[in-house]
Amino acid sequence: MPSCVVKWCKNNSNDHSKSHGITFHIFPHDPVRKRRWMKAVQLERHDKEWMPSNGSKICSIHFKDDDFYLSKKGFQMLKKDAVPICTIHLPPNIATTYCHTNIINANVFDCNIDRKP
């Protein structure tokens with residue numbers, strides 16, 4: 001039963017399937033791309049030491065819509081340059097920060113802060 005490695009995410013393949021629009025994606029084999037995915041998960045987990053196992057997967061809700069494309073056969077596929085979105089939740093009276101890790105340098109994060117009224 002694959003489960004998403006994002007700490008707060010409860011998605012797993014038993015409860016959430018392709019019929020619900022959720023897919024699960026293994027970490028890339030390319031070392032540069034894999035490092036970008038790892039940095040996103042490490043940031044979200046607040047754990048710089050976290051490492052994926054061979055079976056680690058991230059579910060599709062952690063990618064932007066434009067990270068996907070339709071194959072010639074009509075399957076939704078993840079683009080090769082896609083990097084997961086790290087979502088960090090702070091107390092609602094402070095802010096919610098969305099850290100978009102679709103980056104060139106895996107050590108830099110583009111964070112947008114939405115202030116709550």
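Here each label is just a point 7 Å from Cα along the line to Cβ, and for Arg33 and Asn54 those points are 2.0 nm apart.
On full extension, the segment bounded by Asn14 and Lys73 gains 18.7 nm, given 0.36 nm per residue less the C-alpha separation. Going down the list Lys7/Lys48; Lys7/Lys72; Lys34/Lys79, which pairs span over 25 Å between their C-alpha atoms? Where the Cα-Cα span goes over 25 Å, the pairs concerned are Lys7/Lys72.
A short reminder: the numbers here are calculations on the coordinates, not readings from a lab. Bear in mind the structure is a predicted one, so any value in this text is a computation, not a measurement. Glycine also receives a Cβ, built like all others from the backbone with ideal geometry; neighbour counts cover every protein chain displayed.
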